[in-house]
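The values are calculated or read from the model by the stated rules, or taken from the named source; none is laboratory data. Bear in mind that the values here come from a model prediction, so they are computed numbers and not experimental data. Note that each Cβ is placed from the backbone with ideal geometry, even for glycine, and that neighbours are counted across all protein chains shown.
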Amino acid sequence: MSRGKPGGRFGIVDIGSNSVRLVVYAGAERNPVLVFNEKVMAGLGRALGSTGRLDPKGIERALDALRRFMALREQIGVPTLVAAATAAVRDAEDGPEFLARAEKICGFPIDLLSGADEARLSAQGVLSGIPEAEGLVGDLGGGSLELVPVAGGKPGPGATLPIGPLRLMDLAHGSLAEAEAVVDRALGEHDWLRNIQGNRFYAVGGVWRNLARIHMAHRDYPIHVLHQYTIPARDAADIARLIEKLGPKSLAQIPDVSERRVEALPFGALVLDKVIAAMKAKEVVISAYGLREGILFDRLNKKEQAKDPLIAGCRDLAGRLARFPQHGSEFFKWTAPLFGDGVLGETEAEARLRRAGCILADIGWYVHPDYRAHHAMMQILLAPFSGVDHAGRLFLARVGYHRHEGKGEPQMFGNIAGLIGERDHERALVLGLALRLAFTLSGATMGMLPKTKLEAGKNTLTLVVPKRHEPLIGEIVAKRLGALARAIGRKGDIRIGR
């Protein structure tokens, strides 16, 4: 599938039924860092349902896009490039002819994915970004819908249904009523959907992301990150039905709807409504990861695949922004006594978030002191992380804020504070205050912190410092130790050791 030397930037050309896209990542790694992304709405599959052939104008738009993408490959410098074609090219009678022309432009073979491969890779992409996903993945492209059950970190046997919005519009002659009958027939052929009733539905695809943006706007939701944005199934169905009723002019006036998606949106909404009903979904979780991320994940070695995507993402960001990216390991060990039994305690999931917060502790250092707290908070809140839900993002953002600001309360958190419970608010404050103390004590340098330790007793929190480092103890250290001790209901104390 790939052509080029290993290492360096990694690119994917995705030839879909509606769009043709070039995505370039910094490398083929567990945390894919996007460096370039361009999409052309070619509409290859616009008339496929009625003619069995690719749209003539779409063909030329797609080939023009590929010519530009190959020039961009040289300009950007992408040693390894993957190209894959999906439903429209796979199903069209003139697909082989188009593929031959496209391969001539690219200069290497293009993988024509089978329906089973497309479904598997889409599900693998979702799992790479949401490893704990349990339920049903649905990837809605212009020409098809891939449905794949996922559980235990692995995709199950899935299905490809010919009910992408472009194909639906063509088959139903633009009539939603006719499209509804087509969707009902297609879903009715898959009785196995009953076996996953009551689970989450993981939605992939541009049309469904637009529906999520509408829901965000309706809620005045301030975290504008679509990945792992969760919508109650009833809300998702209500929005889908509303969109089905609106005409193109009304849809075009919605600020959060892409102009390029207006025509397809009602048909995509119809499919979502029907899938929710068929599997009696409890929630719809938006995944920004799908086919392309699945292709990338498939290329990684076992060691890289096994990495935690959140921790990998935090390390990548810290590597770019922090003074000492390795500091996170020292912080994680040093803060452990605060989260042991008899103090705050922590689950395995909570320890994972604490580790992430420790890795990100220094990403705001280069900003003006008056703005560090809010800058660190926003960097974390809006970072392109995967493997973390919105509640986890908010926890980490609060840690970043308290690490710089102390006990203060960030003003913008007022309307989303309810996303995390009181326990997580407390844990974020304590971790932030501990990191604040750690930086002060160590002078923001490596190697000093492990020579000291925290001891949490029943009534006191003791900072133990070796005799030779006693001069490092000063007013600011004592003050910040006191603030941390009060946060866990104790009195601060300093003991000079040997």
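Scanning the stretch 230-289 for residues that are more than 22 Å from P131 (Cα to Cα) and among the hydroxyl-bearing types (S, T, Y), we see that the one that is modelled with the highest pLDDT is S250. Listed here are the helices (runs of 4 or more DSSP H) enclosed by the stretch 320-434 that have at least 2 residues being touching a Leu at 6+ places or on another chain (Cβ under 7 Å) and closer than 28 Å to K491 by Cα: 327-335, 348-359, 390-405. On the given criteria, is A483 within 30 Å of V285 (Cβ to Cβ) and among the hydrophobic types (A, V, I, L, M, F, W, C)? No: the conditions fail for A483. Of everything listed in (1) surrounded by 16 or more Cβ atoms within 10 Å (Cβ to Cβ); (2) in contact with a helix residue (DSSP H, G or I) (Cβ under 7 Å, 6 or more places away or on another chain); (3) in a helix (DSSP H, G or I), the single unmet condition for R73 is (2). Here's a check for you: in the stretch 450-477, which residue that is in a helix (DSSP H, G or I), surrounded by 14 or more Cβ atoms within 10 Å (Cβ to Cβ) and among the aliphatic types (A, V, I, L, M) is nearest to the chain's Cα centre (by Cα)? If we take residues in the stretch 450-477 being in a helix (DSSP H, G or I), surrounded by 14 or more Cβ atoms within 10 Å (Cβ to Cβ) and among the aliphatic types (A, V, I, L, M), then V477 is nearest to the chain's Cα centre (by Cα). For beta carbons closer than 7 Å, sequence separation of 6+ or different chains, a first residue in the stretch 87-113 that is without any contact (Cβ under 8 Å) to a residue 60 or more places away in the chain and a second that is of a type in the set (F, W, Y) and in a helix (DSSP H, G or I), there are no qualifying pairs.
Scan the stretch 389-412 for residues that are buried (at least 23 other Cβ atoms within 10 Å of the Cβ) and either among the β-branched types (V, I, T) or free of Cβ contacts under 8 Å to residues at least 40 places away in the same chain (or both) and jot them down. If the condition is that a residue be buried (at least 23 other Cβ atoms within 10 Å of the Cβ) and either among the β-branched types (V, I, T) or free of Cβ contacts under 8 Å to residues at least 40 places away in the same chain (or both), then A397, R398, V399, Y401, H402 are the ones that fit. Where helices (runs of 4 or more DSSP H) fall entirely within the stretch 211-311, those with at least 2 residues that are touching a residue at least 12 places away in the same chain (Cβ under 8 Å) and over 30 Å from A28 (Cα atoms) are at 233-245, 248-252, 265-279.
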